[in-house]
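Reviewing the structure listed below.
The values are calculated or read from the model by the stated rules, or taken from the named source; none is laboratory data. All figures in this text were calculated on a predicted structure; none of them were measured in a lab. FYI the Cβ positions are ideal-geometry reconstructions off the backbone, even for glycines, and counts take in every protein chain you see.
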Amino acid sequence: MIPVHAPREDVVADALEQQVIDIIAKKRKLDPATVTLDSTFEQLGVDSLDAADLLFTFEDTFSIVVPDQAAQSMRSVRDVVDGLRKVLADRPAGAP
Amino acid sequence: MRRVVVTGLGAVSALGIGVPAFWERLTAGQSGVRRITAFDPTGYIAQAAAEVPGFSTEDYFEETERELLDRFTQFAIVATREACAQSGFEVAEDERDRVGVAIGSGMGGVVTQDDGYRKLYGKGMTRAHPFTIPRVMNNAPAAHISMRQHLRGPALSIATACAASAHAIGEAAEMIRAGRADAMIAGGAEAPIVPGVVRCWEAMRVLAPMADDPAQTCRPFSRDRLGMVLGEGAGIVILESWERASARGADILAELAGYAATADAEHITQPGTQAPSRAITLALQQGGLAPTDIDYVNAHGTATRLNDSTETTIIKRVFGDHARRLPVSSTKALHGHAMGASAALEFIATVLAIRHGVIPPTANYSAPDPECDLDYVPNEARSTPVRAAISNSFAFGGLNAVVALKAV
């Protein structure tokens, strides 16, 4: 069977994952290859202040607002990606 | 009560980075006041300020450090490094609980605040940067110095406007005297040259309009004085108990013999005469000094009409006949009024006057004012022995601090 275009959601998800990893790696001065979905903030040396800084960067990059409650439960790269995906999906139509 | 001595000095000011540049230009009467470069001051009344020249933050801090440090904290850290190095100041692990920090600042991290407000109000952003609070907070320099030097004793910030670093140095000395600490890193830092702050000071109508030659804008005690000039920078000193300094064989630069703080309890901006006079008298008393022992007064000398005439009255009241023979100078003509850093820079100037037997001049002095009739050491530094000296600082709100220094 000839591969067809992957479903759009996956493309977005992959791109989102990579963007999140790239942002975290850049901020923490890490090789992006060493940052995975399962990396925890603790493993990456991300303290509470660093996390606030990361959230600010994500909000700025994706033009979104991450509610404090959602932000507080983010402890790993996967948490971040899932959380951001939800905020992006809930965004009202026509939002940037 | 224990004796307190000064063993280290660090300065970042409009006269340059480091104490050698500060003292050289101070005694040469070379002003650091220039047209503002931090932003375009076109259309401002106060277009001149005493900016720190050539301060490249990347020369002193890694990128990740800079993110957390407002300009005023950067000045404080750079000056602290110099003071510690010059003093050979090292703190052993078992001493760390008894060494502290006291840093004055009038306004805190206003470079960060001004920039943040521009984005929130001007550009409609809805989130401030998460490092805004740690950068803006007035205690940021004290916190960063304690972290970097691993000092776990009393650490505090003092925010008494133009007298902040005099109070910081004085209260730090009191902690040593009282046995609550054996050494303190003390001083002040300020970086107020941003549009929002300059506009607010303009509104007070106390800033001098820029002179044709910007270096001549600030003219303390001179008949043609037109007001103060904002400055920036940091002054940091190492204070130690006499015992600690002697035991380690430190080069003792001067003794901080006396300190006093008083309040006018009168007016929010207009200076009084009684409480400042009492501050001088009390500082002399604590230092066991008679008025005639004082060979130099480093004046608050802001170059406003009111401050300089009032301060003259105060000096005459305290020193009586001795006031006629007493050299008084304001170094603000050269390093500007660096707010919370001013008193610390002036403290350093006073220590060095004692140390070198040279009194820095009141620059830009052109004509005597009948209301200011003392010896202001006009325009030329003067070589003369200085056995003891005082430095005055009188803040808005009528909060006064005077320190008395003595040769050792």
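A few notes on this one:
- Summed over region B:138-174, the residues that are in a helix (DSSP H, G or I) and touching a residue at least 60 places away in the same chain (Cβ under 8 Å) give a count of 20.
- Annotation: of all residues in region B:108-117 being under 12 Å from B:Ala189 (Cβ atoms) and in contact with an Asp or Glu (Cβ under 7 Å, 6 or more places away or on another chain), the one that is surrounded by the most Cβ atoms within 10 Å (Cβ to Cβ) is B:Gly109.
- Test for B:Ala401: is it in a strand (DSSP E or B) and either acidic (Asp, Glu) or modelled with pLDDT of 95 or more (or both): yes
- Of the residues making up region B:63-72, those that are within 14 Å of chain A (Cβ to nearest Cβ) and either in contact with a Ser or Thr (Cβ under 6 Å, 6 or more places away or on another chain) or modelled with pLDDT of 95 or more (or both) are B:Arg66, B:Leu68, B:Leu69.
- Inter-residue pairs, beta-carbon under 8 Å, first on the phi < 0 side of the Ramachandran plot and in region B:215-230, second in a strand (DSSP E or B) and among the β-branched types (Val, Ile, Thr), 6+ apart: B:Pro220/B:Thr362; B:Ser222/B:Thr362
- Residue check for B:Ala79: farther than 15 Å from B:Ser157 by Cα and in contact with a strand residue (DSSP E or B) (Cβ under 7 Å, 6 or more places away or on another chain): yes
- So B:Gly340, is it under 17 Å from the mean Cα position of the chain (by Cα), outside any helix (DSSP H, G or I), touching a residue at least 24 places away in the same chain (Cβ under 8 Å) and buried (at least 24 other Cβ atoms within 10 Å of the Cβ): no
- Among the candidates B:Ala140, B:Ala102, the residue that is surrounded by 18 or more Cβ atoms within 10 Å (Cβ to Cβ) and within 14 Å of chain A (Cβ to nearest Cβ) is uniquely B:Ala140.
- Just one residue in the set B:Thr269, B:Thr262, B:Thr302, B:Thr292 is assigned to a helix (DSSP H, G or I) and of a type in the set (Ser, Thr, Tyr); that residue is B:Thr292.
- Residue selected from region B:113-133 under the condition polar (S, T, N, Q) and either outside any helix (DSSP H, G or I) or within 14 Å of chain A (Cβ to nearest Cβ) (or both), by the criterion nearest to the chain's Cα centre (by Cα): B:Thr132
- Residue in region A:15-61 that is nearest to the other protein chains (Cβ to nearest Cβ), counting only those that are within 22 Å of B:Leu68 (Cβ to Cβ) and not in a helix (DSSP H, G or I): A:Lys29
- Matching residues, region B:73-88, being in contact with a Ser or Thr (Cβ under 7 Å, 6 or more places away or on another chain) and not polar (S, T, N, Q): none
- Top-ranked residue of region A:62-81 - restricted to ones that are within 12 Å of chain B (Cβ to nearest Cβ) and small (Gly, Ala, Ser), ranked as surrounded by the most Cβ atoms within 10 Å (Cβ to Cβ): A:Ala71
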